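Report on the following structure.
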Amino acid sequence: MLGWEYPPHISGGLGTACEGLTRGLARQGVEVLFMVPRVFGDEDSSHMTLIDPLRHSVKRRKGAGPSSDSQSRVTIEQLFSEAELQEIFIPAFLQPYWSEKEYSRQLQLLRESSTIESLPLELSSHRFLSSSALQYGSDIFEEVNRYAAVVSRTARYLDFDLVHAHDWMTFLAGTLVSRQSGKPLVVHIHSLEYDRSGQAGNRRIHDLEKLGIVSADAVIAVSHYTKGIIRREHGIPAEKISVVHNGIYPSEAVQHYRDSSPDRRKRVLFLGRVTFQKGPDYFVEAAAKVIPHVPEVEFVLAGTGDMLPRLKSRVYELGIERHFSFPGFLKGEEVERAFSTADLYVMPSVSEPFGIAALEAISFDTPALISRQTGVSEVLGHTLKFDFWDIDRLADLIINALQYDELRQDMIQMARRELKRLRWDAAAEKTLAVYEMIIHRNERRI
Amino acid sequence: MPSVCFYFQVHQPFRVARFTHFDSVIWTDYFDVQKNASICRKVAQKCYLPTNAKLLELIQRHDGAFRVSFSITGTALEQFEAYAPEVLDSFVRLAQTGCVEFIGETYYHSLAALYSEDEFRAQVKLHTKAIQKYFGQTPRVFRNTELIYNDRIGQLAREIGFEAIIAEGVDDVLDWRSPNFVYTVHNSDAKLLLKNYKLSDDIAFRFSNRGWEEFPLTADKFSGWVHRVSGNGDVVNLFMDYETFGEHQWASTGIFEFLDYLPGEIMKHPDWNFATPFEVVSRYSARADLHFHRLTSWADLERDLTAWRGNTMQEKALAEVYSLEKQVKSLNDLRLLAVWRKLLTSDHFYYMCTKWFADGDVHAYFSPFESPYDAFVNYMNVLKDFKRELDKGSSALSKDKGSHSKKSGPRSSETTELLSA
C-alpha cells in the first residue's frame, strides 16, 4: 500500500483514513506493507509493516540481526539483506494540500538549510517516466517522482499480491510498481484536484490522477459524490469505480474536556481548512443571522487557510467579533478538546469528497450539521442537512439546535448508533471485496 | 352465529408547511394547502373512491348482509369537503344504505386523552357533531387515536356516553384470553371490542408480501382461517387503516379482487355473518372485565406509544403545545383555537419518531420531512410563531379588559358547533 502520510504526522484526513483502513484490513487478515515518504518512528503501526523505503533499510543494515516473528518480517529481512540502497533522504515535509506557492517556499527553505542529494534514478527504462509528469522540477512533482523511484525500486524486493495507492501523489509510484511486478493496481481517491480547486485545478495533478485512474484495475472512491466527479472529470466507466465510505472508531468519551457550568455560552464549531472548498464564509454569514436570536453564543472558527484574513475582517464588519474566536490550526489534543467542548459542529462544505470530521464530531458526542454537498451526508442519517449556500436554513438549524437540548440529545444518541455501522471494519470489508474481484479477474486472464 | 366486524380508519392530517425561525405568517396559516390537497386527491383516486364504490356494490349484492364501520377524523372530513367533495358524497351514499356504522373519536386525531381531559372531551363532542351533520348518525362506539387505550381512557369514553370502546388485542394484556369475545372496560359497564391483530394484519400488512409463506392470500383461504374460530369466539374484529385498499396495498396486488370475494366466502359458512361494532355489542354478552396494566396502541410490534412520544423531542413538542391550552382558550378566538387543535394531530409527533430511522433503514419510513430532526425544527418554529400570535392576542385582550370587545365574547355552544363545520 502506498501512502503519503501517516498519523501522527498528518496534514489532513488522508493519513487518518490510511490508518483506519489498514487497521480494518489487518482485522480481515490482510497483510499490509505500507510505504510512506518518511517514517518518524513514533507511528502506531503494529498492525502492519510500515516501510520507509530508504531510511529503514539504512537503519537495519547497521543494526540488529534478523527477526522472524512474522511472515512480513521475513520478507523485509530479505529485502534488507538483498538491497543495495543508497542513503537518500526524502523530504518529509511534503504537504499534498499545500498550494504550489507554499510548496515552493518550503522547498526553498529546505534548500537553503540542507542538501538534497540528487537521485541516480534508473528510471529511463520505464515508459512512464518519459511522460510529461516527470519533466517538472523543484516542486511537489519532483517529490512525487522521487517517491515513485524509490518505491518502485524497493518493491522489487517485496512479495505482495496487489498495489493499493492513495491519492494522486502516489499514483505514479503505484503505476510503476504495478507494471514492473505485473500485480494489479487499485487507486484510492480520497480527494480530487477538482474538489480542491474546481475547474481551475492544476493540470499536472489532474494528469497524474488520470494516469493512476486509467492504469488501475480498480478505482476506489470515498463517496458516490466523488465517484460521480471521477466519471465526469476522467471519463471512465462506472463499473471500474467502487465506493468505500470512510469509517471512524468511536473515541473514548472525552468527558474531562467538558465544561458543565450551566451559564457558559453555547459553542458552535467550524473546524477545517479555511478555504473556499470548506465554506467557512457561509459559517460566518449564518452566525450573523443567529446572534440576534441567541445572544449567548460563541462561534469557533478553527483552522487556517487563505480565506482567514478576509473572514476575520468580515466578522468585524458585521460587528459580531465578541461572538467569535479564531484558534488557528488545531492538532491532536486540541482537536479533541474543540470537538468535546462544542455544542454543535457545522460542516458547510461547498464540495467535500467525504468529510470524516463530521464522524469525528459525533464520536465526541457533538451533533453535526452538514451540507448536502458532502460524501458523509450520504451515510449519516441522524443529522440535520442543508445546502451550503442556504444561509437562512443553516441559521435556522443552528438556532433550533442551540435552543432545544432535546434536539441535540436525540440526534447524538441515534448518530452514535449509526456510527457503529460506519466503522472502518465495514470499509475494510468492502475494500477486500474489491481486492478479491480484481485478483480473481487477473488469475482468469492468466 | 359468529360475526366478522370490519372497522376502517380514515384519516388525513393537516400537514404543516415549511417554516423557519425567521418566518412569521399573517393569519397564522401554517398548513401546506397545496401538499394537503394533492395528497388528499391522490389517496381519493387510489383508495377512497374505488373502495367506497366496491363496498357500496358489495352491500347491494349481498342485500345488506355485508356491513362495515368507519371512523373518519374531522381533519379528514374537512379536507374532503375542501379538496375532494366527491369522496364525502360517496361516504354519504354508504351511510344511506343503513349497513354502515360511524364510530366516534377525537376530531383532530390527537393525543388529548393523555394530556388534557377537557380538550379530549371537547374534541370528541366536535367529532360527534360532525358525524351527525354529515351522516345523520350519532356514534355509540368509540375508538381513540391509534387505538391508544388504558382503563382510564375507557372510563372517560363511557363518561362521555359511549357504550363500547375499540382497542388493540394486545398479547400481554389478553394473556390466555382470546380477542374474539366481547369484554367490558375495567370497573365500567362499557363494552370492549378487541382487534384480532393476526387476521387484521394478514390483510393490512402481509397481503402483498411475496416472502410470506401464505402468499398469495385469497378470499377463500382467509375465510377458512376465520371459520376456524367457530365455537371458539363470537366475533373476529378486523380493524385497519382504510388506506390499506389501493394505497398501502396497490390495486395491482389484487386487494380489490380479494375484497370483492371476501363477503361471499365468509358467508358460505352458514353460521357466519357480518356485523358493525354496535351490533356486535348488542348481540353478544361480555365475557369478562379486562384490566389494561399499561397504555397500548395498535402501532408496531410493541403496541406501545413510542411512535409518538418515544424520544425527548416528541415529549418536548407535546409538552409545549399542550402548555398553550389555557392561553388559547382564554382568547375565545375560533381561528386561533382551530389552528392550535390542528397542531395537536398525532401525525406531527409521529414524523419526529427516530426509532425506525436507524441503521440506514431510512426509506421504510414515510414522512413529509427529510428527517425526524427536520420535523421537530419545523414544528417548533411554527409553535414559536404561534405563541407570538397568542401573546399579541393576550395583550390586546388585557387592554380591552372591562369593556366587551366584539372579538372576545363568551364561548357558546354555537361557536363550538361552527368549529366542526
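The values are calculated or read from the model by the stated rules, or taken from the named source; none is laboratory data. Computed from a predicted structure; not experimentally measured. Every residue, glycine among them, receives a Cβ derived from its backbone with ideal geometry; neighbour counts consider all protein chains shown. For accessibility, only protein heavy atoms count, side chains too; no ligands or nucleic acids. Shrake-Rupley method; radii C 1.70, N 1.55, O 1.52, S 1.80 Å.
Here are a few things to note about the model shown:
- Top-ranked residue in region B:214-250 [being touching a His at 6+ places or on another chain (Cβ under 8 Å) and open to solvent by 30 Å² or more (accessible area, probe 1.4 Å); ranked as farthest from residue B:200 (Cα to Cα)]: B:230
- Any hit, region A:381-390, residues being in contact (Cβ under 8 Å) with a residue 40 or more places away in the chain, touching a strand residue (DSSP E or B) at 6+ places or on another chain (Cβ under 6 Å) and more than 13 Å from every other protein chain (Cβ to nearest Cβ): yes
- Picking from residues in region A:290-310 that are within 25 Å of residue A:336 (Cα to Cα) and in contact (Cβ under 8 Å) with a residue 40 or more places away in the chain, the one that is most open to solvent (accessible area, probe 1.4 Å) is A:306.
- Count of region A:1-35 residues which are farther than 23 Å from residue A:358 by Cβ and at pLDDT below 90: 3
- Flag for residue A:378 being surrounded by fewer than 20 Cβ atoms within 10 Å (Cβ to Cβ), within 21 Å of residue A:190 (Cα to Cα) and away from chain B (no Cβ under 14 Å): no
- Within region A:416-428, being over 19 Å from the mean Cα position of the chain (by Cα) and either of a type in the set (Lys, Arg) or under 19 Å from residue A:162 (Cβ atoms) (or both) holds for A:416, A:417, A:420, A:421.
- Residue within region A:403-421 that is among the polar types (S, T, N, Q), touching a Leu at 6+ places or on another chain (Cβ under 7 Å) and at pLDDT 95 or above present: no
- Positions within region B:14-42 being of a type in the set (S, T, N, Q), outside any loop (DSSP other than H, G, I, E, B) and farther than 16 Å from residue B:340 by Cα, in sequence order: B:34, B:36, B:38
- Restricted to strands (runs of 3 or more DSSP E) entirely inside region A:196-273, those with at least 2 residues that are modelled with pLDDT of 90 or more and under 24 Å from residue A:1 (Cα atoms) are A:218-221, A:241-243.
- Count of region A:137-162 residues which are open to solvent by 20 Å² or more (accessible area, probe 1.4 Å), without any contact (Cβ under 8 Å) to a residue 40 or more places away in the chain and out of contact with any Phe, Trp or Tyr (no Cβ under 9 Å at 6 or more places or on another chain): 3
- Search result, residues across region B:370-401 that are away from chain A (no Cβ under 14 Å) and either within 24 Å of residue B:18 (Cα to Cα) or not polar (S, T, N, Q) (or both): B:386, B:389, B:390, B:391, B:392, B:393, B:396, B:397, B:399, B:400, B:401
- Tabulated pairs, region B:34-45, first closer than 11 Å to residue B:86 by Cβ, second open to solvent by less than 100 Å² (accessible area, probe 1.4 Å) and outside any helix (DSSP H, G or I), C-beta under 7 angstrom, 6+ apart or interchain: B:41/B:84; B:44/B:84
- Close Cβ contacts (under 8 Å, 6 or more residues apart or on different chains) running from residues in region B:1-29 that are farther than 24 Å from residue B:370 by Cα and in contact (Cβ under 8 Å) with a residue 24 or more places away in the chain to residues that are open to solvent by 40 Å² or more (accessible area, probe 1.4 Å) and in a loop (DSSP other than H, G, I, E, B) comprise B:1/B:271; B:2/B:230; B:2/B:271; B:6/B:67.
- Annotation note: Cβ proximity below 7 Å between a residue of region A:405-423 that is surrounded by 19 or more Cβ atoms within 10 Å (Cβ to Cβ) and a residue that is among the aromatic types (Phe, Trp, Tyr) and assigned to a helix (DSSP H, G or I) (sequence gap 6+ or interchain) occurs for A:407/B:373; A:407/B:376; A:411/B:373.
- Restricting attention to region B:221-243, the residues that are over 21 Å from residue B:99 (Cα atoms) and under 20 Å from the mean Cα position of the chain (by Cα) add up to 0.
- Checking residue B:325 against (1) more than 29 Å from residue B:187 (Cα to Cα); (2) out of contact with any Ser or Thr (no Cβ under 9 Å at 6 or more places or on another chain); (3) away from chain A (no Cβ under 14 Å), the condition it does not meet: (2)
- Listed conditions (1) closer than 26 Å to residue B:353 by Cα; (2) open to solvent by less than 10 Å² (accessible area, probe 1.4 Å) are all met by residue A:438, apart from (1).
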